[in-house]
Protein chains: 2
Amino acid sequence: MNVRHLTFRLLQVYVAVVRSGSVSEAARQLHLTQPTVSQQLKRLHEAVEEPLLQTSRGRLSPTEAGRELYRASREVLGRFDDFEDYLTALRGGERGRFSIALVNTAQYVLPRLLGPYSQVFPDVEVTLHIGNRRQMLTRFERQDDDLYVFSHPPSLAHALAGRFLRNPLVVIAPHEHPLASRERIAMSELVGERFLLREPGSATRMMFESWLQEHGLSLGPTLQMASNEAIRVGVAAGMGLAVLSEHVLPPEHSDLVILPVTDFPIESHWQFIIRRDRRLPHAAHGFLRFASGHLDECVPPRFVANELERLLTAWELIH
Amino acid sequence: MNVRHLTFRLLQVYVAVVRSGSVSEAARQLHLTQPTVSQQLKRLHEAVEEPLLQTSRGRLSPTEAGRELYRASREVLGRFDDFEDYLTALRGGERGRFSIALVNTAQYVLPRLLGPYSQVFPDVEVTLHIGNRRQMLTRFERQDDDLYVFSHPPSLAHALAGRFLRNPLVVIAPHEHPLASRERIAMSELVGERFLLREPGSATRMMFESWLQEHGLSLGPTLQMASNEAIRVGVAAGMGLAVLSEHVLPPEHSDLVILPVTDFPIESHWQFIIRRDRRLPHAAHGFLRFASGHLDECVPPRFVANELERLLTAWELIH
DNA sequence: GCGATGCATAGAATATACTCTATAGTAGAC
DNA sequence: GTCTACTATAGAGTATATTCTATGCATCGC
């Protein structure tokens with residue numbers, strides 16, 4: 001048998017003939033003429049090199065080989081029906097997978113979106129990659145992921161960005177810090193204190209440092225820790241001060257205070273970044289739609305800064 | 001997705017590409033040029049209307065949809081590989097089914113052939129239809145079965161026949177019958193006795209009656225019973241005499257004797273009959289080959305009259 | 001940067017598929 | 001036996017598939 005010349009169409013015709021037991025009836029069902037169906041059968045017969053149909057009691061019934069071919073055809077056509085269903089689900093964002101690359105700080109917030117999303121789309125596999133800004137930039141350059149979350153996006157030549165969340169950087173101090181009760185503090189009063197800083201390559205550190213530069217200030221002694229958590233605990237323990245994303249602080253933080261420093265908080269926004277030159281999986285698209293629609297319910301309203309509709313519109317324009 | 005234009009060939013090409021992760025490599029394996037494979041991929045892509053492959057780390061890897069298509073393709077191609085295996089087995093007579101229509105008397109012998117055959121070909125389904133000659137003739141006319149066993153075949157205009165077994169008809173009497181010890185008996189001496197006859201339409205009865213007619217004899221009182229077994233037991237019980245196939249008698253029959261009647265036994269042969277105008281299933285063909293080769297081992301040699309080789313040759317000539 | 005390798009596209013030739021109309025043959029129904 | 005419904009075949013036109021060569025373009029390694 002030469003499987004090479006088998007067409008799915010041919011199997012569809014054959015199945016219709018076996019089911020109806022009649023060439024003419026199958027032709028009517030398929031909106032074809034009877035000779036067309038006859039010839040398809042002839043072709044199929046030539047491909048299989050075995051009698052497939054016999055006429056018995058006025059009806060066409062499959063031979064032994066014909067019956068097995070019918071089974072095989074049904075299974076094969078059914079398998080591709082399933083595949084079509086799969087495609088439909090995939091296109092609707094109900095299935096599939098996608099990956100998001102996050103800067104460290106965002107890991108405190110993104111689960112608030114991903115949790116509800118996964119409830120609604122349990123068949124989508126989401127992979128999270130978390131690291132500092134520099135690591136995420138590398139992933140971005142290598143096009144490793146489908147979505148990226150940055151505060152300050154890299155060059156937008158190959159990417160689209162849409163803000164979704166405020167990310168205020170605040171100065172924190174231990175609860176018992178002498179300036180904790182002051183109504184207004186200038187940063188220049190603090191630069192003598194020891195600051196706990198994230199590692200170079202961290203977005204938080206980068207933003208703080210450029211703020212300092214803009215204001216013509218530079219820090220005194222510092223201490224470097226490669227984790228927001230470690231810094232937060234360190235500050236509470238009296239190791240020094242720090243500038244951290246407000247999202248890093250627990251809702252209740254009796255051992256810490258946010259100092260009312262002038263020109264603080266440093267305002268920044270997290271944004272979803274899509275590469276223009278990489279296909280966006282349907283599921284990732286679905287996630288952005290979900291985020292756009294349900295952001296208000298997932299994070300405290302004062303942080304919401306939803307520009308995702310604009311992002312989605314822009315993305316749909318170039319696709 | 002338009003499944004109508006999918007070819008098995010297309011899936012084969014796609015599978016080769018996914019497996020090798022390279023268009024060029026797949027082309028080499030398939031003995032095609034690289035652009036040919038590229039274009040096949042393009043066609044497939046147009047049929048599915050979804051990206052299937054992406055290039056990552058120098059290799060082509062399937063997208064989410066591509067992976068599912070790969071799975072579906074593998075399954076579908078595998079299913080038709082199975083179908084090809086099935087066809088091979090079918091053609092070799094190792095699988096499939098066929099039906100045999102038997103005159104009653106032959107049911108005592110045919111299992112001796114079918115038993116060993118089924119041991120060797122356990123995957124072949126055999127259906128036996130048993131009845132008297134008239135019923136089997138009706139089935140023959142309707143082309144209900146693949147093989148027929150008759151003593152006297154119907155018109156051979158649409159059929160081929162091949163003898164395989166002697167079927168001698170003998171006169172039986174109860175063990176204590178007064179003539180049981182005679183060395184030679186003329187049928188004319190017996191016609192006054194009561195004979196147990198099969199029903200009209202029975203081959204045995206037909207043959208006996210035409211024998212009588214040829215010899216210018218006619219029977220006296222008769223008793224009709226529609227079963228060889230009933231007749232055998234009836235004769236043993238002293239109800240009368242009978243003419244039966246020797247095959248109906250058990251190997252040991254102390255309560256019966258075969259009377260040495262002149263011009264007896266009536267010689268006849270069972271034959272396999274194949275309709276010329278009906279396809280012979282491979283399995284039925286295989287059974288005839290088996291019967292031809294193993295007849296000697298399956299039935300007592302004195303009954304064997306194997307003309308099946310001739311039948312098979314004749315059949316192969318017209319196919 | 002430059003060559004090697006691999007993929008995509010264009011253009012073209014051939015084969016095959018797909019479908020039709022017209023017609024002939026077949027088998028069951030009354 | 002004739003009629004009818006069904007199937008098969010012939011012939012033909014269009015569309016599509018299949019495959020090639022030639023060429024351009026991208027990417028990777030050195």
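A short reminder: the numbers here are calculations on the coordinates, not readings from a lab. Remember, it's a predicted structure, so these values are computed and weren't measured experimentally. Backbone-built Cβ (ideal geometry, glycine too); neighbour counts: all protein chains shown.
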Binning at 10 Å from 0, report for segment B:1-135 what percent of all alpha-carbon pair distances ends up in each bin. 11, 28, 18, 11, 13, 12, 7, 1
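With both bridge residues required to lie in segment B:169-259, what share of the DSSP beta bridges run antiparallel, to the nearest 5%? List each step's numbers first, then the result.
On the way: 8 of 13 bridges.
So the antiparallel bridges in segment B:169-259 amount to around 60 percent.
Nearest 0.05, what FRET efficiency do A:Glu176 and A:Arg289 give at R0 = 51 Å with Cβ-Cβ as r?
Numbers: r = 47 Å, r/R0 = 0.92.
For R0 = 51 Å, the calculated efficiency reads 0.60.
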Dipole magnitude of the protein assembly as shown, debye to nearest 20 (Cβ charges: Lys/Arg +1, Asp/Glu -1, about Cα centre): 1400 debye
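Kirkwood Rh, Cα Rg: Rg to Rh for segment A:169-259? Please list the in-between numbers first.
Numbers: Rg = 12.1 Å, Rh = 13.1 Å.
Ratio of gyration radius to Kirkwood radius for segment A:169-259: 0.92.
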Taking amide hydrogens as modeled 1.01 Å from N in the peptide plane, which residues meet the under 5 Å criterion relative to B:Ala242, leaving out close sequence neighbours? B:Ile172, B:Leu196
Give me log10 I(q)/I(0) at q = 0.19, 0.24 Å⁻¹ for segment A:77-156, Debye formula, one equal scatterer per alpha-carbon, no solvent. -0.85, -1.09
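Take the alpha carbon atoms of the protein assembly as shown, find their radius of gyration, then divide it by 2.2 N^0.38 Å using N residues; give the quotient. It would help to have the intermediate numbers written out before the result.
Working: Rg = 44.5 Å, N = 638, 2.2 N^0.38 = 25.6 Å.
Here the answer is 1.74, to two decimals.
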Farthest toward positive dipole pole in the protein assembly as shown [+1 Lys/Arg, -1 Asp/Glu at C-beta], among B:Ser20, B:Val37, B:Leu102: B:Val37
Just need the relative contact order of chain B here, percent rounded to a whole number, with Cα pairs under 8 Å and 6+ apart. 22 percent
Once phi for every residue in segment A:145-150 is put through the Karplus expression 6.51 cos²θ - 1.76 cosθ + 1.60 (θ = phi - 60°), the whole-Hz ³J(HN,Hα) values, with Gly and Pro written as x, are 10, 8, 10, 10, 10, 10
Mind checking which chain B residue has its Cβ closest to the axis relating B to A, and how many whole Å off it is? B:Val76, 2
Positive minus negative residues near A:Phe80 (Lys, Arg vs Asp, Glu; Cβ under 13 Å): 0
By Cβ neighbour count within 10 Å, fewest first, B:Ile318, A:Ile231 rank B:Ile318, A:Ile231
For chain A, set up a Gaussian network in which alpha carbons nearer than 10 Å are linked by springs, and say which option among A:Leu169, A:Leu90, A:Leu190 fluctuates the most. A:Leu190
Distances from B:Leu223 to the same residue in each other copy, label points 7 Å out along Cα→Cβ, in nm, shortest first? 12.1
Average projected area [Cα convex hull, chain A], square nanometres: 23.2 nm²
Over segment A:169-259, what is the relative contact order in whole percent, taking alpha-carbon pairs under 8 Å and six or more residues apart? 51 percent
Using Cα centres only, tell me the gap between segment A:19-54 and segment B:131-194 in whole Å. 45 Å
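Can you give the charge dipole size of segment A:169-259 about its Cα centre, rounded to the nearest 20 debye, using +1 on the beta carbon of Lys and Arg and -1 on the beta carbon of Asp and Glu?
Values: 6 positive and 11 negative charges, 27 e Å.
With Lys and Arg at +1 and Asp and Glu at -1, about 140 debye.
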Residue by residue, what Karplus-based ³J(HN,Hα) values in Hz, rounded to whole numbers, does segment B:4-16 have, using 6.51, -1.76 and 1.60 with θ = phi - 60° and x for Gly and Pro? 4, 9, 7, 10, 5, 4, 4, 5, 4, 4, 4, 4, 4
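May I ask what percent, to the nearest 5, of DSSP beta bridges between residues of the protein assembly as shown are antiparallel? If you can, show how the numbers build up before the last one.
Numbers: 49 of 83 bridges.
Once the DSSP bridges in the protein assembly as shown are tallied, antiparallel ones form about 60 percent.
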Quick one: dipole size for chain A, taken about the Cα centre, charges +1 on Lys/Arg Cβ and -1 on Asp/Glu Cβ, in debye to the nearest 20. 1260 debye
Count the net charge of all other residues whose Cβ sits under 13 Å from the Cβ of B:Pro122, scoring Lys and Arg as +1 and Asp and Glu as -1. -1
With the dipole of the protein assembly as shown defined by +1 on each Lys or Arg Cβ and -1 on each Asp or Glu Cβ, the option from B:His282, A:Gly192, B:Gly201 whose Cα lies farthest towards the positive pole is B:His282
May I ask what percent, to the nearest 5, of DSSP beta bridges between residues of chain A are antiparallel? 60 percent
Put a point 7 Å out from Cα along the line to Cβ at B:Pro200; what are the distances to that point in the other copies, in nm, shortest first? 11.7
